[in-house]
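The values are calculated or read from the model by the stated rules, or taken from the named source; none is laboratory data. Owing to the predicted nature of the structure, the values given are computational and were not obtained by experimental measurement. Backbone-built Cβ (ideal geometry, glycine too); neighbour counts: all protein chains shown. What goes into the accessible areas is simple: the full protein's heavy atoms, side chains included, and nothing from ligands, DNA or RNA. Shrake-Rupley method; radii C 1.70, N 1.55, O 1.52, S 1.80 Å.
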Amino acid sequence: PKKILEIGTFVGVSSLTMANATEKNCKIFTIEKFKEFFDIAKYNFRKNKFDKKINIYNGDATDILQKLKKIKFNLIFLDGDKGKYLKIFKMIEKNNIKKGSIIIVDNFFFHGDVLNKSQSKKGSGVKKLGLYISKSKKYDVTLLPIYDGIALLKKK
């Protein structure tokens, strides 16, 4: 991929892994809500000499995505605010994907909470996204029942 978007940087492990595995001209945009983890990730990117390849943003994904709405991404890794998964996904769907874009949704089963009669706020957010995707005909979908579940989507 030439452009990657990650929602939920944490300490930067996923971004570093993607940066290491992609071509030199690939740009990674990653969003971390919490300042403490933003600072750690930024340090890790600099220490591993990927600070030019990885652009990190500190703030709520819904706010940052407004600034990135003109960029189309080949690969998106959604692993941020589970309670806002559907809202974030709809923003990305509207502005940031194109035919062939791959979206990886982490924690798709959210500790099994999505199967309960009632969910936590996070579990409910993930479940709403799952229901939305299941009704959509815009994506080829593959579910990987590994640990907490991963959904792989490819825009048709």
Scanning segment 91-115 residue by residue, those touching a helix residue (DSSP H, G or I) at 6+ places or on another chain (Cβ under 8 Å), at pLDDT 95 or above and in a helix (DSSP H, G or I) turn out to be Met91, Ile92, Asn95
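Conditions (1) farther than 22 Å from Gly125 by Cα; (2) in contact with a Pro (Cβ under 7 Å, 6 or more places away or on another chain); (3) aliphatic (A, V, I, L, M), marked per residue:
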{"site": "Lys2", "(1), (2), (3)": "yes, no, no"}
{"site": "Leu16", "(1), (2), (3)": "yes, no, yes"}
{"site": "Ala21", "(1), (2), (3)": "yes, no, yes"}
{"site": "Ile28", "(1), (2), (3)": "yes, no, yes"}
{"site": "Lys33", "(1), (2), (3)": "no, no, no"}
{"site": "Phe50", "(1), (2), (3)": "yes, no, no"}
{"site": "Asp60", "(1), (2), (3)": "no, no, no"}
{"site": "Phe77", "(1), (2), (3)": "no, no, no"}
Scanning segment 80-90 residue by residue, those closer than 19 Å to Met18 by Cβ and modelled with pLDDT under 95 turn out to be Gly80
For Lys90, the lone unmet condition from (1) within 14 Å of the chain's Cα centre (by Cα); (2) surrounded by 15 or more Cβ atoms within 10 Å (Cβ to Cβ) is (2)
For segment 102-140 the number of residues that are under 20 Å from Gly80 (Cβ atoms), of a type in the set (A, V, I, L, M, F, W, C) and open to solvent by 70 Å² or more (accessible area, probe 1.4 Å) is 1
Filtering segment 2-24 down to residues that are among the aliphatic types (A, V, I, L, M), more than 17 Å from Arg46 (Cβ to Cβ) and open to solvent by 30 Å² or more (accessible area, probe 1.4 Å) yields Ala21
Among (1) free of Cβ contacts under 8 Å to residues at least 60 places away in the same chain; (2) surrounded by 18 or more Cβ atoms within 10 Å (Cβ to Cβ); (3) within 18 Å of Ile133 (Cα to Cα), Lys33 falls short only on (3)
Taking segment 38-80 and keeping residues within 21 Å of Ile104 (Cβ to Cβ), open to solvent by less than 60 Å² (accessible area, probe 1.4 Å), part of a loop (DSSP other than H, G, I, E, B) and without any contact (Cβ under 8 Å) to a residue 40 or more places away in the chain leaves Phe50, Lys53, Asp60
Among the residues of segment 116-156, the number that are among the aliphatic types (A, V, I, L, M), closer than 23 Å to Met91 by Cβ and assigned to a strand (DSSP E or B) is 6
